[in-house]
1. Which count do you get for residues in segment A:478-502 that are in contact with a helix residue (DSSP H, G or I) (Cβ under 8 Å, 6 or more places away or on another chain), facing another protein chain (nearest Cβ under 8 Å) and surrounded by fewer than 20 Cβ atoms within 10 Å (Cβ to Cβ)?
2. Would you mention how many residues in segment B:202-218 are outside any loop (DSSP other than H, G, I, E, B) and surrounded by fewer than 19 Cβ atoms within 10 Å (Cβ to Cβ)?
3. Counting just the residues of segment A:353-407 that are β-branched (Val, Ile, Thr) and closer than 13 Å to A:GLY251 by Cβ, which one comes out surrounded by the fewest Cβ atoms within 10 Å (Cβ to Cβ)?
4. Give segment B:65-93 a look and list any residue that's under 20 Å from B:ASP148 (Cα atoms) and without any contact (Cβ under 8 Å) to a residue 24 or more places away in the chain, or say none.
5. Say whether the condition of being over 24 Å from A:ASP97 (Cα atoms) and assigned to a helix (DSSP H, G or I) is met by at least one residue in segment A:1-24.
6. What number of residues within segment B:219-236 are assigned to a loop (DSSP other than H, G, I, E, B) and out of contact with any Ser or Thr (no Cβ under 8 Å at 6 or more places or on another chain)?
7. Go through segment A:51-76 and report how many residues are under 22 Å from A:ALA11 (Cα atoms), among the small types (Gly, Ala, Ser) and surrounded by 22 or more Cβ atoms within 10 Å (Cβ to Cβ).
8. State which residue is surrounded by the most Cβ atoms within 10 Å (Cβ to Cβ) when the search covers only segment B:294-327 and only residues that are of a type in the set (A, V, I, L, M) and not in a helix (DSSP H, G or I).
2 protein chains.
Amino acid sequence: MIASIDPSTGATTEVFDVPAEDLDRLGERARAAHRELEGAGRSGRAAMLRAMAAAVEERRTALVAVADRETGLGRQRLNAELTRTAYQLEFFADVLDDGAYLEAAIDHAGSTPMGQRPDLRRILVPLGPVAVFGAANFPFAFSVPGGDTASALAAGCSVIAKVHPAHPATSLLSRDALLAGARAAGLSTDVVSLVYRDETAARLVQHPDITAVGFTGSLRVGRLLADLAAARPSPIPFYGELGAVNTFVVGRAAARDRGAQIGDGLAASFMLGVGQFCTKPGIAVVPSGAAGSALTQALVDRVAAAGAGIMLSERIADAYADGAESLLAAAGVEVLARGGDGPAEGFRGSPLLLRARPDALEGPLLEECFGPELIVVEYDTDDDALTTLRRFGPALTATIHADDEDRRLATRLLDHAHRTAGRVVWNGYPTGVAVAWAMHHGGPYAATTNALHTSVGASAIRRWLRPVCFQDVPQELLPDELRDVPEHGRTPRRVSGTLDRG
Amino acid sequence: MIASIDPSTGATTEVFDVPAEDLDRLGERARAAHRELEGAGRSGRAAMLRAMAAAVEERRTALVAVADRETGLGRQRLNAELTRTAYQLEFFADVLDDGAYLEAAIDHAGSTPMGQRPDLRRILVPLGPVAVFGAANFPFAFSVPGGDTASALAAGCSVIAKVHPAHPATSLLSRDALLAGARAAGLSTDVVSLVYRDETAARLVQHPDITAVGFTGSLRVGRLLADLAAARPSPIPFYGELGAVNTFVVGRAAARDRGAQIGDGLAASFMLGVGQFCTKPGIAVVPSGAAGSALTQALVDRVAAAGAGIMLSERIADAYADGAESLLAAAGVEVLARGGDGPAEGFRGSPLLLRARPDALEGPLLEECFGPELIVVEYDTDDDALTTLRRFGPALTATIHADDEDRRLATRLLDHAHRTAGRVVWNGYPTGVAVAWAMHHGGPYAATTNALHTSVGASAIRRWLRPVCFQDVPQELLPDELRDVPEHGRTPRRVSGTLDRG
């Protein structure tokens, strides 16, 4: 029995009677669906993704209503997330139309300093069925119809999605939309299937039919599953988008000249969605003394004026309360401001603004606290700011606010940031991850379990593909994109070492 | 004490007094060298790689002589391998000149269905110091001056190389060549350092300064080290090019029309370099009855006429002898031919041609036997051929010999091959891996520990790079390749979604 719970009341609003989950049967169907996706070619998969986007749009009202009931994220945010999710499905259709993602390359037979070389043609092919773990905090964009699913289907991989327990009804309705899209494109409804039970998670990662895993969630669960993926008889790639403390540093001149504005923006960013973003800034490194005072004051005012929000689940609200308690108990930590009580019932989380002494940064202060919490740390010298930053591990984002006068510090911050973060944000706010060709959402461990790949943006498709080289294979037996004259349109390729836009 | 042993006599010809290996010190130097490589930019690293190639060429006579003394591979082969190794260093300089490997992408700020998007610019940056494990069977091309080192240095990663115990003197001289190249290009000699001791291997993979590992070697050692890499507090990518049973299938018409020719070619391929290739065909699936007889006869004749060869080390010769013994002891296996005795002394391995009943394929018959051994399995129907192939795990290569009449079987074979092998060879032989843009040398586990990446060819550089996205960062603080108008030449980029060849 899986319960759909309304976090704004704590009440169970719906119960699903989920039968025992037979992964062998799901795996067999997923293998067949993977071949069907492969056989549909780029144009067939692009048509399917566009039909899925349309089917998601058609169900907008119902999807937003059920997601709001299950997550408490609010209709405005969920409408925006649904727009993004549909856009993302269409975006991967564009990536398919473009075709450069195949990394197609042709080296004609010829002589080399090592003797005669055969005809070599390289392309990327899909891995097979993959597992996708939905995230609590993005019931659409990082869940059943989200980026992992969209990019995997685009690649030609069928998906077995593990539903997040925080939104089973949303997941079921999302799957209906995806399958309507698959049917509209003449493809099997086995391209996406769901599993619900938490006890199925480990078995799914270990199942021989699964060839890769996309995961968005906590470090604890992510690492557990990543370790299982690595320990399989045949290890598989595990793309865990986990979390870390995203840093936010403000130069002295920037703080002096626009401290209140930065403070307002930072407050909005860390409290956005009740702080339930993996890109939430967790630590603000600001100048000591007068330069930093306007910024800190703006933060204090904003937090004091804010109320508690409804968090995604009881577990998440409890974890946030525990995390806040650990921080408050730590030495060298003081409370700058707290938010108000907010709603009278439900799984509430109230904003919390702390200040920590630089020498107090250890233990829980260096770990992600998932929720509307921010720690301010002051610095005297540029070296002090860098020393504070170096206490933290890698993260998804590193934000730098700097004006021209801050350039010396900023250059050092940028050098550190590009080594330790997936995205470097300049004079902006890290929450909000655009779906775009140039986006990267990732970073060194523990931001993710695989620093080489992204979970957002065009190149997210690369996670589900592996190269194959065809040596001297006759034209008519080659994948279309590797033929001298492809039948189905143009594809960017590297031919005899030179890029050809196709 | 590390001994250099001549495998043609078993005698110790040189002894190195290797001090205790201080990885903290090596790691610190490697981190500084990594920053230096990064700072040198693409042109600086390309100049270094070309100087390294020249320095390897300058030492050709000495390098070939010492490698021959340590490996017994013969001067002709080793001269060819050295040519390939120098070419490979130059090839990665070409990859740097080209610049497409950076996957540079620019999305200008603009409005989207989700609202205003900031300016986003994505590029790949080097991971940091990496570890490279030299292979016994390629003292140049897959060892200290080999493809892992060349691609890592090209990426901007410094290298700590674990010397293979089969060729310490060759490794030392190779390092001298690389460091002469680094000096000639004005770079630190810490870009490549060596460790020798087997007991250092595990510590190296686990050392916090190491950000990735390239390994070529056995499944047993590779898996052991891959597990250590995955179990680190911060897991790192482990690129293990291991090994498996490479399949070789011959259609009925092909066997009938050119069986003797295929048999000659196959015999030469599996006995090449005393069978010590990871791409060695290990199983030949040939038609039963008259169609297959000329092929089998050619194999028998070639093997019976061949003598034993000198293997790389005592350990490898012993493992080959043990492997052959296991195969001979298996049920359903018969000897078709054996090679002669060969040299009177040294670590010898003699060719062995076996035939196995299809229903006997289990245990050792499904595992790689590193050495000049080939198992022939006959098939009656197309289904039988596929059934036999499906008994084997993924491999680096899958070879298909087929004529027009074999087209129905060949189509099925090709479908199976592209799902289970890294390279599909048509009417050819799998030994020999060209250094080229379109090469892929890899495959699903246990061919490698990471199916997504290659250890040979231009895209081998991708293993040492991770993406970073710069959001709204000012022009003058961006990496040159991401500026609106780069200072240092042209780079292929994707700008606003469209490929620009630069």
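1. 2
2. 3
3. In this case the residue turns out to be A:THR381.
4. Passing the criteria: B:ASN79, B:ALA80, B:THR83.
5. For segment A:1-24, residues over 24 Å from A:ASP97 (Cα atoms) and assigned to a helix (DSSP H, G or I): present.
6. Filtering segment B:219-236 for residues assigned to a loop (DSSP other than H, G, I, E, B) gives B:232-236.
Of the ones still in play, those that are also out of contact with any Ser or Thr (no Cβ under 8 Å at 6 or more places or on another chain) are B:232-234.
Total satisfying the criteria: 3.
7. Adding up the residues that qualify gives 2.
8. Here the residue is B:MET311.
The values are calculated or read from the model by the stated rules, or taken from the named source; none is laboratory data. Everything numeric here is computed off the predicted structure, so don't read it as measured data. Neighbour counts are summed over all protein chains in view; Cβ atoms, including those assigned to glycine, are modelled from backbone coordinates with ideal geometry.
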